[in-house]
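This report concerns only the one structure given below.
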Amino acid sequence: MIRVENLTKYYGNRLAVDNISFNVEKGEVVGFLGPNAAGKTTTMRILTGFLAPTRGDVWVAGYNVLSHSLEARQHIGYFPEAVPLYTDMTVRSYLDFSASLRGLDKNRIKTRIEEVVDICHLEEYIDVLIGKLSKGFRQRVGVAQTIIHEPEVLILDEPTIGIDPIQVAMTRQLIKELGKERTVLLSTHILPEVSMTCERVIIINEGRIVAEDRIENLSSIMGGSRRIRLEVEGPSEKVAERLRQIEGVHRVSYQDSHYVVECSAGQDPRGKIMETIVQGGWTLLSMEAIEMSLEDIFLKLTTEEETGQ
Amino acid sequence: MRNTTSIALKEFKSYLASPMAYVVICIFLVLTGVFFSISPSTYLETSIRGLWGFWGVLFLLLLAAVLTMRLLAEERKMGTLELLLTAPVRDSEVIMGKFLGSLSILTVMLVLTLYYPLLLWLFGDPDMGPIATGYLGLFLLGCASLAVGLFASSLTSNQVVAAVVAGGILFALWFTGMVANLLPEAIGEAIGYFSLAYYFPDFMRGVIDTRGIIYYLSITVLFLFLAIRSLENSRWS
């Protein structure tokens, strides 16, 4: 649905996006993750046709964004970062305007406005001037505008910034629901948001893609080690000592009454750990494998990038 | 075409929703009223040449600069340009819509001044021909000035800068005629052709000069074209 090939964008002499390529398949919800100024917004602006690339090609819904811009734009719902809206219009007249620019006919506009107002819970505010709405409600109007023409591809640039936690949860729920039938590219720098809403993640830093995979695979592509957390009733030093002797275990640390055992990626020593503890006459209270959190991956990837330069 | 109409309609409504349009219309009517009532030609010739004399027309140029300054500069500043330019709408439709929106407000203002010829008609016996051609001239001059203003607005995100640039271009085009008088005859005349002021008196006298019509339409088309290019250019920044 979205295909980006060797995309490069310079602002004057400043390189914002450096030769990136990626694909988003139909129906996927993909997180576009990166720190501020990583090139997320620039990439999204190019995808939506607001900016032209310096080099490279971009296709959305099968249309080249440069040569068939209007057709591509027809299939995109775009939620820009700052939620720009006309403050001198009412919610209704604004939605009417956006819908008519996207080629909906009069009757369709009427029913669609009712539908999106219902989806975004804007019923009470439909005849209020947008300038008088709070940030949270403006954000909802922004979402309503994004989906009014039922686009196949949604490009959402940090849709949960600056709104209260209840609305954040609501927006994420909405994104999940929309993602069932539509293709979504969601940019954010909030990590839990990605693991909550997305199936796949593309991590970008300083204009380059540093990682790209399904969320559950990301920790394994890190190559590093696997970690297991244990809670054991017994003398801590002795337990740690015995754990270290198990084959494949590199390190054992003890903190907050939990042991963290690090071992090579390919091995699963849980059976042996169990045996060891039983042999020692201690009691195993809990044992779980720790997935590397997105935060860990993200920090590792982006700091590696920095030290690499 | 539909997109153009939607944008034009939206612009027209937002003029009416802001106090700005009413303030401008009000000042416009008061000042034109003053020009009309103090001009001797109103009484001696029962014509509108006093109303649309030097100051009246200069005021119309200023007005065009003020009316158009927000059209694109505000969108750029508020970021709404991002949504407008990512909607499936051609850049030319955006510019045409904005232009027609501002033209409709200007037309409303010109229609409101028809009150002065009406007074002349009620209390005297004016020659309606020059009044009609005069208004045709005003309309064409208005189109050209709005196009210049829209172009200026496409260059910046600051409305004041847009108004000053528009005013600068319009005054320069208007006063070219005066500078032309200082130059040797042939050159002066050639330069004079490029002046916004050159053809206007003919319209006021009741003469429809095709060169005048073509001139004003060319200026309009030229600056609308430049505005479209300037909008396209912002994608490549």
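Side notes on the structure shown:
- Condition met for A:PHE32 (at negative phi, under 20 Å from the mean Cα position of the chain (by Cα) and buried (at least 16 other Cβ atoms within 10 Å of the Cβ)): yes
- Those residues of the range B:6-40 which are part of a helix (DSSP H, G or I), buried (at least 16 other Cβ atoms within 10 Å of the Cβ), more than 14 Å from every other protein chain (Cβ to nearest Cβ) and polar (S, T, N, Q), in sequence order: B:THR32
- For the range A:76-91, taking the residues that are facing chain B (nearest Cβ under 8 Å) and aliphatic (A, V, I, L, M), the one that is farthest from A:ILE148 (Cα to Cα) is identified as A:ALA82.
- In the range A:156-179, the count of residues that are free of Cβ contacts under 8 Å to residues at least 24 places away in the same chain, in the same structural domain as A:MET44 (by TED's automatic domain parsing) and either acidic (Asp, Glu) or closer than 19 Å to A:ILE202 by Cα (or both) is one or more.
- So A:ARG73, is it facing chain B (nearest Cβ under 7 Å), buried (at least 18 other Cβ atoms within 10 Å of the Cβ) and touching a residue at least 40 places away in the same chain (Cβ under 8 Å): no
- When the range B:58-80 is filtered for residues that are β-branched (Val, Ile, Thr) and more than 10 Å from chain A (Cβ to nearest Cβ), the ones remaining, listed by number, are B:VAL66, B:THR68.
- The condition of being over 19 Å from B:ILE219 (Cβ atoms) and out of contact with any Lys or Arg (no Cβ under 7 Å at 6 or more places or on another chain) holds for B:THR113.
- Close pairs (6 angstrom Cβ cut-off, 6 or more residues apart or separate chains): closer than 20 Å to B:TYR15 by Cα and at the interface with chain A (Cβ under 10 Å from one of its Cβ atoms) in the range B:81-105, of a type outside the set (A, V, I, L, M) and assigned to a helix (DSSP H, G or I) anywhere: B:LEU81/B:GLU75; B:GLU93/B:ASN3; B:GLU93/B:THR4; B:GLY97/B:THR4
- Unique match (being in the same structural domain as A:GLY142 (by TED's automatic domain parsing) and without any contact (Cβ under 8 Å) to a residue 40 or more places away in the chain) among A:VAL116, A:VAL91, A:VAL83, A:VAL60: A:VAL116
- Within the option set B:VAL34, B:VAL89, B:VAL94, being among the β-branched types (Val, Ile, Thr) and over 30 Å from A:LEU104 (Cα atoms) holds for one residue only, B:VAL34.
Rundown of residues vs (1) under 30 Å from B:PRO126 (Cβ atoms); (2) at pLDDT 95 or above, yes/no style:
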| residue | (1), (2) |
| --- | --- |
| B:VAL148 | no, yes |
| B:VAL179 | no, no |
| B:ILE191 | no, no |
| B:LEU196 | yes, no |
| B:PHE203 | yes, no |
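- Spans of helices (runs of 4 or more DSSP H) in the range A:228-309 with at least 1 residues surrounded by 15 or more Cβ atoms within 10 Å (Cβ to Cβ) and modelled with pLDDT under 80: A:294-308
- For the range A:160-195, residues that are β-branched (Val, Ile, Thr), surrounded by fewer than 16 Cβ atoms within 10 Å (Cβ to Cβ) and at pLDDT 85 or above total 1.
The values are calculated or read from the model by the stated rules, or taken from the named source; none is laboratory data. Keep in mind that what you see is a predicted model, and the values were worked out from it rather than measured. No Cβ is skipped: glycine too gets one built from the backbone with ideal geometry, and neighbour counts run over all protein chains shown.
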